[in-house]
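The block underneath contains the structure these notes are about, expressed in structure tokens.
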């Protein structure tokens with residue numbers, strides 16, 4: 001196998017990468033739901049999950065959504081996706097805010113997990129098929145996503161950062 005083909009297999013196309021992140025994020029949120037999202041260890045896991053969700057949103061907003069904008073029937077879906085990202089970001093801010101001690105952490109985790117599951121399902125059922133049918137070079141996009149993810153992971157990524165529009 002050539003080096004290029006091996007690398008593509010490891011990275012996958014853009015939709016494989018995004019779907020893999022969806023599965024990983026949902027598993028993290030489900031583990032937090034099951035564990036009650038309490039305690040020091042849960043706080044670290046929650047912060048890690050929230051940062052991963054923020055990186056994922058940043059990548060979608062910067063790289064994926066712009067390629068679909070203007071295609072027939074997708075603008076409303078993309079607008080809804082942006083609103084969902086904003087709502088999830090608001091929940092993240094409430095979760096990470098150290099001043100919040102109102103006993104609603106588990107409810108916020110539950111809401112974030114539900115929003116994320118709904119958002120990911122909408123993307124996979126509506127946006128992913130459009131991207132596959134739309135002539136987008138998904139392997140090239142996958143490389144850009146992997147590169148951007150690596151950049152975001154080494155940046156001092158703020159815990160409560162508003163995703164770029």
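The values are calculated or read from the model by the stated rules, or taken from the named source; none is laboratory data. These figures come from a predicted structure and were not determined experimentally. All Cβ positions, glycine included, derive from the backbone under ideal geometry; neighbour counts span all protein chains shown.
Checked against (1) surrounded by fewer than 18 Cβ atoms within 10 Å (Cβ to Cβ); (2) in contact (Cβ under 8 Å) with a residue 24 or more places away in the chain; (3) over 16 Å from residue 18 (Cα atoms), residue 105 passes all but condition (1). If you take the residues of the range 32-86 that are touching a helix residue (DSSP H, G or I) at 6+ places or on another chain (Cβ under 8 Å), loosely packed, with under 14 Cβ neighbours inside 10 Å and assigned to a helix (DSSP H, G or I), which of them is modelled with the highest pLDDT? Of everything passing the filter in the range 32-86, 80 is modelled with the highest pLDDT. Part of a helix (DSSP H, G or I) and over 16 Å from residue 28 (Cα atoms), is that true of residue 148? The answer is yes for residue 148.
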